[in-house]
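The values are calculated or read from the model by the stated rules, or taken from the named source; none is laboratory data. All values derive from a computational prediction rather than experimental measurement. Here the Cβ positions follow ideal geometry from the backbone for every residue, glycine too, while neighbour counts run over all protein chains shown. With ligands, DNA and RNA removed, areas are computed over all heavy atoms of the protein, side chains included. Shrake-Rupley method; radii C 1.70, N 1.55, O 1.52, S 1.80 Å.
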There are 2 protein chains.
Amino acid sequence: MTTVLRSDDMRRRNRNLIMEIVRRKGAISRSAIAQTAALSPATVSTISNDLIAEGVLVAQGNGSAASSGRGRPSVHLSINPEFRHAVLIILKIGALNVSIIDYAGAVVAHQDFHIDMANIRAEEFRRTLIAEVRQTWDTSGLDEAQLARISVAIQGTTDTAGVHMLRSPMTPLTDVPIGPWLEEAFGAPVRLANDCDLIARALNWRDPERYSDNFAAILLAHGVGMGLFLRGQIINGTKSSGTEFGHMLHRPDGALCRCGSRGCIEANAGDYAILRRYRGDPADSAPASRVSAREIAAIAEAGRAGNERALDALAAAGRALGSGLAGIYALVDPFRIAFVGHGAAAFSLMEPALRQTLENSNARAARDVPIDLFPDEMPLVREGCCIDALSDIDARQAAKVNDFARA
Amino acid sequence: MTTVLRSDDMRRRNRNLIMEIVRRKGAISRSAIAQTAALSPATVSTISNDLIAEGVLVAQGNGSAASSGRGRPSVHLSINPEFRHAVLIILKIGALNVSIIDYAGAVVAHQDFHIDMANIRAEEFRRTLIAEVRQTWDTSGLDEAQLARISVAIQGTTDTAGVHMLRSPMTPLTDVPIGPWLEEAFGAPVRLANDCDLIARALNWRDPERYSDNFAAILLAHGVGMGLFLRGQIINGTKSSGTEFGHMLHRPDGALCRCGSRGCIEANAGDYAILRRYRGDPADSAPASRVSAREIAAIAEAGRAGNERALDALAAAGRALGSGLAGIYALVDPFRIAFVGHGAAAFSLMEPALRQTLENSNARAARDVPIDLFPDEMPLVREGCCIDALSDIDARQAAKVNDFARA
DNA sequence: GCCCTTTAATTCAAGCCTCAAAAAAAATCG
DNA sequence: CGATTTTTTTTGAGGCTTGAATTAAAGGGC
């Protein structure tokens, strides 16, 4: 069922549109905004002057930008970095990275911590997390009133609201209320998101031409995860965020997975699975708990040098990924894939098996699906987390102004 | 990227909202509309009087509806059946059903034709189709200017635009331009849609409480198809409509499918697959070309009486369906399923195997997913086709009025 | 039979919002 | 220094929704 539309909704949406354009372009004149947004100059003027008055945007005399000829010079608008700040937290096995960013997305403070969550109790985790975030915040020298949002990227699943961390390979703890913890400690809205979802979000942000309606980001690391966009919207569980692509069944009674099941895609394409097969360990042997990027790189190297076991292990990974994709492609026509993470560095050796698997499937046309590689996932996770935080601040500010005007 | 919003968009959307409410409620007063839509009585008054002036709605003195007490009696608004008419065409193996409906969705003419498309040439198909539609139209005695829309339900896939029929089990013809044929012959907009998608649409229309954000309709007939809603939107291929759920791989090198591959879900759960296994025919024997509903019912009957082969065949179907669902549930958390078609009448005997398969999968929680049964798919296909046609007429009319006002 | 109460629908003025056109601002060019 | 050019702002018009006031059309009570 559609929902009512009032005139302030109109303003809010056009305002968000302008913010999106400014964020993407960095610095842009009012008239250029009007053109890209298909809004009239008058409207852009009104809205952007409001934004400047609020302190959201700043106008900077065109400055260096070659006073490009005749006419009144355009004034470039840009995000006011000082307007608000956000905390980005990236939680992954063994590590906790905290960044403080300004409203323009620049990192103003950053610290990396080690954390072993394998045997941690919830209360200890809570204290550690808060202490390390606070410590990082303090190095920024900012007033806490400046903090408008905390975004957390996690390996694992969250509830849809992005409040609790349901399950994660980092820890045996389940249903961890990270959201409420941080909200209570810092008084700012908090949202958790799955790392793969954030990678997909980042790709969509970076290059909306390529990554718009339908595409997936597949993280090839210790585990295998997927961030999926369909019809321009991110698809995550109805109850939890993050698709469990890695735990789709590839081969009944196949190799043993970290999750305890057998035959998952991950049990064939995750780091530990590739290593296990390369070593010739039995398929039901316990997954290694940690595999370094170097080890995977070494296997790829061996494969390129012609090592049969390496080639076999990587081909198996390719087949598992291909069969999972074929399943999805039966539901939705083939779409672009980005393989992300250090597994992507070995992808060229998985690719033939993957494409062959697609060709043998019912989604034959998927054989030629475009695939991009991003061996380092961290910049994408950070970028996704960043845009998640900032666009949320934008939206909240727009809603606040609206409510204020109404009251 | 979001898009601009102007004040006429607002009006169009609120108008559509009102139409949706009137369509769903059948006859409803202005004040009741205002309440359900969360619009002010003033706005509803303005818009609905416009609609009445255009002839879209009619006002009927509350009539029978017990003059419910004090106060000025409410006037019920309802769709004006005479405003426009639509042609609904349902194409399935061996049959071509044509209905003419009025603007309120009532069938004013209907004819069923037999058609064998196994060895038909495109030109002959075109002529037959047009002739039979025209013949049915003529029995209605309506003026052709009354025809505002043609909606076609097909077994098979279409392009996303809903213009060409790409592939269908009905015929070896591919890429059949049914849309352009009919548009040229009747001068009304035409859209083709996959039958499973329409079934899902119908469920969403009938019972939006139950079938809203995430659910799937699975058609169990000769083939196995799926209409899938995620986040309230129908998901079909990026290039073709209709998910190919039936051709997801269930078991590598498994039973022979109609499509030529092996191990598809359909090759285990389609009519012919159940019959084949029941008879004890080898799994690679050629699929029967047609199986009647009675045959499936007989197998179910035998199963209920304890026949082992029948139970085995139906359990195999349940396992195949369960494994396909488990795959989807790994991507999206478990959602409600409606099994539709005569296979649904035998579902109780597939259910234990299906739920067991889910329980053994990684989507363990999916074991308790709610499942509804609709043994007769035709009313749903018709209803989906009907609402598809009518809501399109509504939207076009709203856009036309808007454009007119702007010019 | 008349007046009061109650509920539905309409009218009206006000407040937003966007837009086109005109005006103002701020440069360059000759 | 005035003409030209381009950007931005101002202004007036028109569309939309809304709350409040008004009108319409009943039933209830005396």
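Test of understanding: what is the full-extension gain from B:Gln356 to B:Asp368, defined as 0.36 nm times their sequence separation minus their Cα-Cα distance? Spell out each step's value before the answer.
On the way: separation 12, 0.36 × 12 = 4.32 nm, distance 1.02 nm.
Stretched out fully, the B:Gln356 to B:Asp368 stretch lengthens by 3.3 nm.
From the residues B:Ala131, B:Ala118, B:Leu182, which one has its Cα farthest along the dipole of region B:118-193 in the positive direction, the dipole being from +1 and -1 charges on Cβ of Lys/Arg and Asp/Glu about the Cα centre?
Final value for the positive-end residue is B:Ala118.
If the viscosity is 1.567 mPa s and the temperature 4 °C, what translational diffusion coefficient in µm²/s does Stokes-Einstein give for the protein assembly as shown when Rh comes from Kirkwood over Cα pairs? Don't skip to the answer; put the middle values down first.
Details: Rh = 29.4 Å.
Translational diffusion coefficient: 44 µm²/s.
What do you get for Rg/Rh of region A:296-407 when both radii come from the Cα atoms and Rh is the Kirkwood radius? Write out the running numbers ahead of the final one.
On the way: Rg = 20.5 Å, Rh = 16.5 Å.
So for region A:296-407, dividing Rg by the Kirkwood Rh gives 1.24.
If you count only protein heavy atoms and use a 1.4 Å probe, how large is the accessible surface of A:Leu311, to the nearest 10 Å²?
Counting only protein heavy atoms, A:Leu311 exposes about 60 Å² to solvent.
From Cα coordinates alone, what are the radius of gyration and Dmax values for region A:225-358 in angstrom?
14.7, 46
When each copy gets a label point 7 Å from Cα toward the beta-carbon at A:Asp281, what are the spacings between them in nm, shortest first?
From this label point to the equivalent ones elsewhere in the assembly: 4.7 nm.
Compute the label zone of A:Ala122 within region B:336-367: residues whose backbone N is under 12 Å from the point 7 Å along Cα-to-Cβ.
Under 12 Å, as judged by backbone N against the label point of A:Ala122, lies no residue of region B:336-367.
Give me the percent relative contact order of region A:244-376, please, defined on Cα pairs under 8 angstrom at least 6 residues apart. Please report the intermediate quantities before stating the final value.
On the way: 229 pairs, mean separation 28.9, N = 133.
That works out to 22 percent.
Alpha carbon centre of region B:205-271 versus region A:366-407: separation in Å?
When both Cα centres are located, 32 Å separates them.
Can you give the FRET efficiency for A:Ala145 and A:Ala297, using 1/(1 + (r/R0)^6), R0 = 60 Å, r = Cβ-Cβ distance, to the nearest 0.05? List each step's numbers first, then the result.
Numbers: r = 46 Å, r/R0 = 0.77.
Once rounded, the FRET efficiency stands at 0.85.
Could you state how much accessible area is buried at the A-B interface, both sides summed, with a 1.4 Å probe, in Å² to the nearest 100? Kindly include the intermediate steps, with their values, before the conclusion.
Working: alone 19230 and 19240 Å², together 34210 Å².
What A and B bury together is about 4300 Å².
Just how large is the dipole of chain B about the Cα centre, in debye to the nearest 20, putting +1 at every Lys and Arg Cβ and -1 at every Asp and Glu Cβ?
Working: 44 positive and 46 negative charges, 185 e Å.
The calculation lands at about 900 debye.
Whenever you get a sec, line up A:Ile154, B:Ile234 from highest to lowest accessible area (probe 1.4 Å, protein heavy atoms).
Working: A:Ile154 0, B:Ile234 40 Å².
Putting A:Ile154, B:Ile234 in descending order of accessible area: B:Ile234, A:Ile154.
Going by the rotation axis that takes chain A to chain B, pick out the residue of A with the closest C-beta and quote the gap in whole Å.
A:Gly327, 3
Under a plain spin-label model, where a point goes 7 Å from the Cα along Cα-to-Cβ, how far apart in nm are A:Asp281 and B:His110?
A separation of 6.5 nm, rounded to one decimal place.
Would you mind classifying region A:204-292 by shape? Square roots of the alpha carbon gyration tensor eigenvalues, ordered a ≥ b ≥ c; an a/c under 1.5 is rounded, otherwise it is prolate if a/b is larger than b/c and oblate if not.
Working: a/c = 2.96, a/b = 2.06, b/c = 1.44.
Prolate.
Loop sites only, by DSSP: take the trypsin sites (Lys or Arg not before Pro) in chain B that have at most 13 other C-beta atoms within 10 Å and name the longest stretch containing none of them. Please report the intermediate quantities before stating the final value.
Numbers: sites that count: B:Arg70, B:Arg121, B:Arg210, B:Arg290.
With trypsin sites (Lys or Arg not before Pro) excluded where exposed in loops, chain B gives B:291-407 as its longest stretch.
Label points 7 Å out from Cα along the Cβ direction at B:Thr174 and A:Arg70: separation in nm?
5.9 nm
Quick one: what does P(r) look like for region A:7-80 with 5 Å bins over all Cα pairs, in whole %?
Going from the shortest bin to the longest, the percentages are 3, 16, 29, 27, 15, 6, 2, 1.
Pop out the Kirkwood hydrodynamic radius of region B:72-130 from its pairwise C-alpha distances, inverse of mean 1/r, in Å to one decimal. Could you put the intermediate results ahead of the total?
Working: mean 1/r = 0.0724 Å⁻¹.
Averaging 1/r across every pair of different Cα atoms and inverting gives 13.8 Å.
Looking only at GluC sites (Glu not before Pro) in DSSP loops with at most 14 other Cβ atoms within 10 Å, what is the longest site-free stretch of chain B?
Values: sites that count: B:Glu82, B:Glu209.
Excluding the exposed sites themselves, the longest stretch runs over B:210-407.
Let me have the 222 nm mean residue ellipticity of chain B computed from DSSP H runs of 4+ only, each contributing -39500 (n - 2.57), with the sum over all residues rounded to the nearest 500. Walk me through the numbers before you get to the answer.
Numbers: 12 runs with 173 residues, N = 407.
The helix contribution divided over chain B gives -14000 deg cm²/dmol.
Using alpha-carbon pairs under 8 Å, 6+ residues apart, how would you state the relative contact order of chain A in percent? Display every interim value, and only then the final one.
Numbers: 771 pairs, mean separation 50.4, N = 407.
Answer for chain A is 12 percent.
For region B:130-140, what does the Karplus curve 6.51 cos²θ - 1.76 cosθ + 1.60, with θ = phi - 60°, yield as ³J(HN,Hα) per residue in whole Hz, taken in order and with x for Gly and Pro?
Result, rounded to whole Hz: 5, 4, 6, 5, 5, 4, 5, 4, 4, 5, 7.
Given charges of +1 on the Cβ of Lys and Arg and -1 on the Cβ of Asp and Glu, with all other atoms neutral, how large is the dipole of region B:92-244 about its Cα centre, in debye to the nearest 20?
On the way: 13 positive and 19 negative charges, 72 e Å.
In total the dipole reaches around 340 debye.
Strictly greater than 29 Å: what percent of every Cα pair in chain B meets that?
Details: 41656 of 82621 pairs.
More than 29 Å apart: 50 percent of the Cα pairs in chain B.
How much of the accessible area of the protein assembly as shown, in percent, comes from carbon and sulfur atoms when a 1.4 Å probe is used?
On the way: 16950 of 34210 Å².
Roughly 50 percent, rounded to a whole number.
Compute accessible area for region B:1-18 by itself and then with all protein chains, 1.4 Å probe, and report residues whose area falls by 50 Å² or more.
B:Met1, B:Thr2, B:Val4, B:Leu5, B:Met10, B:Arg13, B:Leu17
I'd like to know how region B:146-215 sits against the 2.2 N^0.38 Å rule of thumb: what's its Cα Rg over that expected value? Let's see the in-between values first.
Details: Rg = 13.9 Å, N = 70, 2.2 N^0.38 = 11.1 Å.
The value comes to 1.26.
As a test of reading the structure, rank A:Asp403, A:Asp195, B:Asp50 by solvent-accessible area (1.4 Å probe, protein chains only), most first.
Working: A:Asp403 90, A:Asp195 15, B:Asp50 65 Å².
Solvent-accessible surface, decreasing: A:Asp403, B:Asp50, A:Asp195.
How large is the accessible surface per residue of region A:244-376, computed with a 1.4 Å probe and reported in Å² as a whole number?
Working: 5310 Å² over 133 residues.
It amounts to 40 Å² per residue over region A:244-376.
Angle check, please: helix A:195-206 long axis (alpha carbons) against the longest principal axis of chain A (alpha carbons), in degrees 0 to 90, nearest 10.
Here the helix axis deviates by roughly 50 degrees.
Counting only C-alpha contacts under 8 Å and six or more residues apart, can you give the relative contact order of region B:132-265 as a whole percent?
Details: 236 pairs, mean separation 24.6, N = 134.
Worked out over region B:132-265, it gives 18 percent.
How far is it, in nm, from the label point at A:Ser212 to the one at B:Arg304 when both lie 7 Å from their Cα along the line to the Cβ?
5.4 nm
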